[in-house]
Amino acid sequence: MPELQTKIREYRARTGMSQSELAELTGVRRETIIRLEKGQYNPSLKLAMDIARIFGTTVEELFSFTDQK
């Protein structure tokens, strides 16, 4: 089964943004951001696009799926 990989933590670190700040900007709870960063939550298309817009990048740059072996 494919596993979700994200670069959200990396992008947050580059900008000095906290999980709480990102959650507020996207209208979700901080717990959602935590789960996204751990690959435990598949975001809706809208949430993925909102996060990409905030960081000035693409959804494809932030999210990818890898095959587990």
Check your understanding: Right, residue 32: β-branched (Val, Ile, Thr) and modelled with pLDDT of 95 or more or not?
Key -> yes
Exercise for review: Of all residues in the stretch 14-47, count the ones that are of a type in the set (A, V, I, L, M) and either touching a Phe, Trp or Tyr at 6+ places or on another chain (Cβ under 6 Å) or on the phi > 0 side of the Ramachandran plot (or both).
Suggested key: 0
**Study point:** Pick from the stretch 54-69, criterion over 15 Å from residue 14 (Cα atoms) and more than 10 Å from the chain's Cα centre (by Cα), ranking: surrounded by the fewest Cβ atoms within 10 Å (Cβ to Cβ)
**Key:** 69
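Kindly establish whether residue 66 is polar (S, T, N, Q), in contact with an Asp or Glu (Cβ under 7 Å, 6 or more places away or on another chain), under 14 Å from residue 4 (Cβ atoms) and not in a loop (DSSP other than H, G, I, E, B).
Judged against the criteria, residue 66 is a match.
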Check your understanding: Which of the residues belonging to the stretch 13-41 are within 20 Å of residue 65 (Cα to Cα) and either surrounded by 13 or more Cβ atoms within 10 Å (Cβ to Cβ) or touching a Gly at 6+ places or on another chain (Cβ under 8 Å) (or both)?
Key -> 32, 33, 34, 35, 36, 37, 39, 41
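The values are calculated or read from the model by the stated rules, or taken from the named source; none is laboratory data. Since the structure is predicted, the reported quantities are computational estimates derived from the model, not experimental observations. Cβ atoms come from the backbone with ideal geometry, glycine included; neighbour counts cover every protein chain shown.
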